[in-house]
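In what follows, a structure is listed as structure tokens, so that the remarks can point back to it.
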Amino acid sequence: MKMKLTAAITIVLTLGMPGFAHRLDEYLQATILSIETNRVQFSMRLIPGVAVSSGVIASMDTNADGVISESEQRAYVEQVLRDLSLNVDGHPLEPRLVSAHFPKIDQMKEGLGEIQIEFIADLPPGGAHRKLVFEHRHPSPIAAYLVNCLIPRDRDIHVVNQSRNRNQSFYAVEYTQRVGRLDAVSATGWSGIMPGALSGFGSMFRLGMRHIAEGTDHLLFLLVLLLPAPLFARGSHWAGFAGLRQSVVHILKVVTAFTVGHSITLALAGLGVIHTPSRPIEILIAVSILVSSIHALRPLFPGREAALAAFFGLVHGLAFAATLDQLGLDRWVRIVNILAFNLGIETMQMVVVVAVMPSLVLLSPTRAYSFLRIGGALFAAVASIGWIGERLLHIPSLVDVIVDGIARRGIWMAAFLFLISVVCWRVPTGVFFRDNGPRRVI
Amino acid sequence: MQFPWIRLACGVAAVALICLSPIPAQEQRTATPKIVAAANTFLSTLDAKQRQSVLFAFNDNAQRARWSNLPTMAVPRAGISLKDMNGGQRSAAMALVASVLSPRGFEKVQQIMEGDEVNKSTDQGPPGRRGSGGPGGPGNGGPPPAFARRGAGNGPIFGRDLYYISILGTPSEKDPWMLQFGGHHLALNITIAGERGVLTPTLTGAQPALYTIDGKTVRPLGQESDKALALLSALDENQRKNAILSYQLADLVLGPGQDGKTIQPEGLKASGMNERQRAMLLDVISEWANIIHQSAATARMAEIKAGLDDTWFAWSGPTTAAPGKNITAYYRIQGPNLVIEYAPQGLGGDPAMHVHTMYRDPTNDYGRKFAAK
């Protein structure tokens with residue numbers, strides 16, 4: 001393209017009037033944190049836009065003499081710092097001013113002035129996992145906040161999570177640090193380390209629990225696989241109740257096999273030994289649900305549910321690892337975190353199994369059980385086909401919305417199921433269903 | 001029996017030899033000498049006084065960092081502007097800029113400058129257009145009164161001739177030196193170190209981000225917008241959950257004056273993308289990496305590809321765009337040796353019409369990896 005000196009130039013949109021790359025009707029407040037072992041450095045830039053600068057200047061120039069004197073500057077900086085809420089692990093921190101630089105008042109009037117404030121907060125000794133909160137106590141409606149933290153220079157400090165509210169007036173960063181060092185031990189004592197270490201462990205544990213609680217596809221797979229667990233197969237059909245002990249043992253076997261399977265791949269992928277793209281894994285997970293739901297309808301591999309659970313557990317573990325991967329942890333920090341994360345998954349899984357197992361065991365000897373089994377299996381089959389379509393062919397569906405909606409009411413669903421199963425178990429089956437076959441095999 | 005096989009193998013080998021080896025090698029041999037020649041030609045067109053204002057010491061860090069997205073009257077640049085050159089000097093200057101850039105990179109630069117010319121022609125419209133309540137009032141992103149006054153008094157504050165060129169060090173085929181070219185919405189910082197060329201840090205911006213010239217619609221940073229939106233649309237629900245940030249981003253985080261900072265990356269990691277999505281991500285990145293001349297761009301893309309697994313893509317804002325217009329969302333691509341930010345500027349106007357972008361290599365801004373001796 002040649003430079004054209006004369007040109008028929010037209011603006012396409014009248015709204016796109018010439019303007020400037022500086023702030024106009026906002027008060028930009030950008031802060032960058034730098035985390036060290038015993039202190040945090042804050043570098044703050046305040047840039048009032050031209051349309052709001054007069055108000056900001058008025059709040060600085062308290063005697064309105066058109067000059068921002070040194071004492072007025074100091075007072076303004078103190079006000080800015082007072083307005084911040086800083087804490088680490090719930091302990092309030094005291095900001096210490098290092099330097100403040102004010103632009104010329106004329107620059108500020110034009111929306112070009114940048115106030116720079118550097119300050120430091122000393123950190124009390126703490127544990128392996130810390131949470132630092134930086135909050136503008138009285139967020140201004142004209143302010144546009146930006147808060148970020150630098151990748152810590154200290155290679156033993158790793159940021160594991162950052163969270164912000166929508167306008168960024170609230171910012172929290174969670175990080176891990178090494179506390180095995182002698183200085184840290186002597187400074188804090190074991191009592192100081194343990195809660196911290198546990199809280200780091202705790203947050204990964206909670207993440208694991210949340211992951212499986214929200215990762216409804218994992219739970220659905222497991223639940224559907226458990227549906228025929230209390231039954232025995234006869235030919236190509238599910239026959240009656242396999243017996244109380246048999247049922248419990250069977251359920252525990254399936255859950256344990258699933259755990260072993262996903263623990264193996266979670267550890268391998270988490271440590272970077274194996275690497276898999278996420279999409280095929282997500283599709284395979286949907287397939288695993290489909291397979292187990294067909295199995296719940298008609299026995300495909302009776303008695304070998306544990307092997308199936310272990311095999312698909314391997315696949316589900318790879319998906320868990322992707323979550324860990326998103327945290328961007330370093331390999332050595334990961335080992336502890338994988339353990340905590342996995343224990344979180346196991347715990348949540350156990351909660352779910354414990355919540356539904358009594359219902360399954362109570363209900364399975366009754367004729368009503370086949371309704372639950374077939375209904376549940378059909379639901380899971382439809383959901384898994386929806387997921388496969390979504391993940392393989394990008395066909396949008398409402399599966400996530402529906403399944404999530406049900407999962408969110410999980411406690412009520414489990415309670416309702418239990419109520420039904422108690423009723424069915426107490427009331428002679430003949431009242432509701434004609435008894436036409438062997439029910440109890442004990 | 002074996003004869004045709006041998007011939008075929010020889011043929012393939014010969015073609016491979018021709019295709020692979022001599023051309024890139026030649027490219028690498030010729031890029032820097034060409035640039036140095038263009039620089040020397042440009043310098044020879046200047047008088048002693050002009051030359052003095054163009055040349056800086058290679059280690060002049062103040063001059064290195066003297067760039068901005070702002071108009072040149074707001075943040076004065078050093079060096080010499082196209083406005084203060086005669087026709088011959090000006091074309092020698094542009095030839096030098098063209099020699100360090102790819103054809104598409106040079107075109108992009110010209111489109112950004114042309115956009116500022118559009119700004120200027122609109123700025124000189126009837127004063128009533130900026131009156132209170134008019135479309136150009138402060139609430140609509142029009143120039144603030146302070147600038148408008150200055151513009152009227154001291155000549156234009158926009159335009160394609162308000163771009164400055166400066167050289168740090170001595171143009172050389174062996175020793176490192178730097179070329180800077182920039183003004184409103186443009187800051188190219190190019191380090192030439194032997195055969196290597198480094199474009200970081202570079203700022204591009206556009207306002208209006210869409211204009212018509214001679215009946216042709218131009219979006220200087222349209223590909224940056226469209227390719228990123230295409231990538232976002234190619235992500236599945238789970239990937240989007242990670243890629244889309246839950247908070248607003250009003251501006252560049254690592255804009256002018258923020259050299260040497262590496263923030264904690266966020267969003268979706270490319271290791272969690274499939275091959276097609278990864279290729280799309282590389283294609284977005286190429287919009288910046290390929291601004292520089294081909295051999296430097298090829299080396300840069302290889303470096304970025306090597307770190308792709310650890311490269312993050314984060315998005316904040318609307319996930320759709322009006323047809324034919326730029327996105328109104330912020331996005332960031334961050335890898336081990338890469339930071340790209342795309343930040344639409346609302347400023348009370350239409351954020352699709354005004355954008356700032358930043359391109360950095362936290363490990364090698366101003367080519368310090370190659371320049372350090």
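For the reader, a short list of remarks on this structure follows.
- Under a model in which nothing but the beta-carbon of Lys, Arg (+1) and Asp, Glu (-1) is charged, region B:255-373 shows a dipole of about 200 debye around its Cα centre.
- A:T62-A:N38 FRET efficiency (beta carbon distance; Förster radius 35 Å; 0.05 resolution): 0.45
- Difference of contour (0.36 nm per residue) and Cα-Cα distance, A:D156 to A:L419: 89.5 nm
- The H on the amide N of B:T212, modeled in the peptide plane, is under 5 Å from the matching H of A:T10, A:V12, B:V218, each at least 5 residues off or on a different chain.
- Of every Cα-Cα pair in region A:27-178, the percent that sits beyond 27 Å: 25
- Using alpha carbons only: equivalent-ellipsoid semi-axes of region B:29-88, gyration tensor based, whole Å: 22, 16, 12
- A:H101 versus B:N40: modelled label distance in nm, points set 7 Å from Cα along the beta carbon direction: 4.0
- Take the Cα of B:A322, step 7 Å toward its Cβ, do the same at B:K369, and the gap between the two points is 4.1 nm.
- Panel order for B:I80, B:I291, by other beta carbons found within 10 Å of each beta carbon, from fewest to most: B:I80, B:I291.
- Kirkwood-type radius of region B:211-371, with distances r between different C-alpha atoms, in Å: 16.3
- Kirkwood Rh and Cα Rg combined as Rg over Rh, evaluated for region A:208-432: 0.98
- Relative packing of peptides B:210-217, B:93-100 - highest average C-beta neighbours within 10 Å first: B:93-100, B:210-217
- A straight Cα-to-Cα reach below 12 Å connects B:K120 with the aspartates and glutamates B:D161, residues fewer than 8 places away in its own chain not being considered.
Readers should treat all values here as calculations from the given coordinates under stated rules, not as data from a laboratory. Since this is a predicted model, take the numbers as computed values, not measurements. Glycine also receives a Cβ, built like all others from the backbone with ideal geometry; neighbour counts cover every protein chain displayed.
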